1. Using a 7 Å offset from the Cα along the Cα-to-Cβ direction at both H27 and D122, what is the distance between the two label points in nm, to one decimal?
2. Rounding to the nearest 10 and keeping the result within 0 to 90°, find how far the Cα-based axis of helix 3-26 lies from the longest principal axis of the chain.
3. Could you please report the charge total around S136, scoring K, R as +1 and D, E as -1 over all other residues with beta-carbon less than 11 angstrom from its beta-carbon?
4. State the percentage of accessible surface on region 2-111 attributable to carbon and sulfur atoms; use a 1.4 Å probe and exclude ligands, DNA and RNA.
5. Calculate, for region 1-126, the solvent-accessible area per residue in square angstrom, rolling a 1.4 angstrom probe over the heavy atoms of the protein chains.
6. Using only helices, what value at 222 nm comes out for the chain when you add -39,500 (n - 2.57) per DSSP H run of length 4 or more and divide by the total residues, to the nearest 500 deg cm²/dmol?
7. Report the net charge of residues surrounding E113, where surrounding means a beta-carbon distance below 13 angstrom and charges are Lys +1, Arg +1, Asp -1, Glu -1.
8. Per-residue HN-Hα couplings for region 75-86, Karplus 6.51 cos²θ - 1.76 cosθ + 1.60 at θ = phi - 60°, whole Hz, x for Gly and Pro?
Amino acid sequence: MSNNKHANACAFLRSAVQDMVAGVTNHLSSARLRLTGEKSSYQFVWIMLDRVSAPAGDTTGETYIWAHTNDADFMVGYPPSLCISLPVSRAAELLEQVVAFAEKEITNYGKVEALMQADHIDRSQHLPHYVGDSESGYQAAHPVVEHDGF
């Protein structure tokens with residue numbers, strides 16, 4: 001695998017997470033990114049950001065962003081491999097922590113295929129899902145065409 005593929009994957013990742021953080025800070029209730037490696041469909045990571053209420057004891061009244069993966073197994077007490085919650089005012093710090101975690105996760109992925117999903121804060125509108133890949137670049141990501149019927 002070339003270093004170029006990893007650099008492209010990291011650039012795609014950073015752009016996606018920047019948009020996710022900006023969205024959850026402003027108008028989204030959640031944003032999700034799935035990155036799949038070129039070698040196997042079993043080589044993937046989900047990064048999710050959710051707007052949540054302040055934890056118990058926080059008297060600032062500030063909204064928080066919870067960044068996490070979906071690999072937890074609460075039946076056996078296995079936490080998500082990424083689980084960070086910070087106030088919206090510290091979104092830049094959250095961005096750097098999420099990117100650092102995800103860059104390590106995708107070290108051996110090569111080219112990544114991405115699926116990006118989001119939910120509007122008031123759920124009043126359906127937001128399209130986007131797909132893209134690291135070799136085409138983040139700017140080439142495009143909405144998934146949805147079909148009615150089966």
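The values are calculated or read from the model by the stated rules, or taken from the named source; none is laboratory data. Remember, it's a predicted structure, so these values are computed and weren't measured experimentally. When we count neighbours, we look across all protein chains shown, and the Cβ atoms used for this are built from the backbone with ideal geometry, even at glycine. Quick note on the areas: whole protein, heavy atoms, side chains included, nothing else; ligands and nucleic acids left out. Shrake-Rupley method; radii C 1.70, N 1.55, O 1.52, S 1.80 Å.
1. Distance between label points: 1.2 nm.
2. That works out to roughly 30 degrees.
3. Residues close to S136 contribute a combined charge of -2.
4. The computed percentage sits at 53.
5. Per residue, region 1-126 has 53 Å² of solvent-accessible surface.
6. The per-residue figure over the chain is -9000 deg cm²/dmol.
7. +1
8. Residue by residue, region 75-86 yields 5, 10, x, 9, x, x, 5, 10, 8, 10, 10, 9 Hz.
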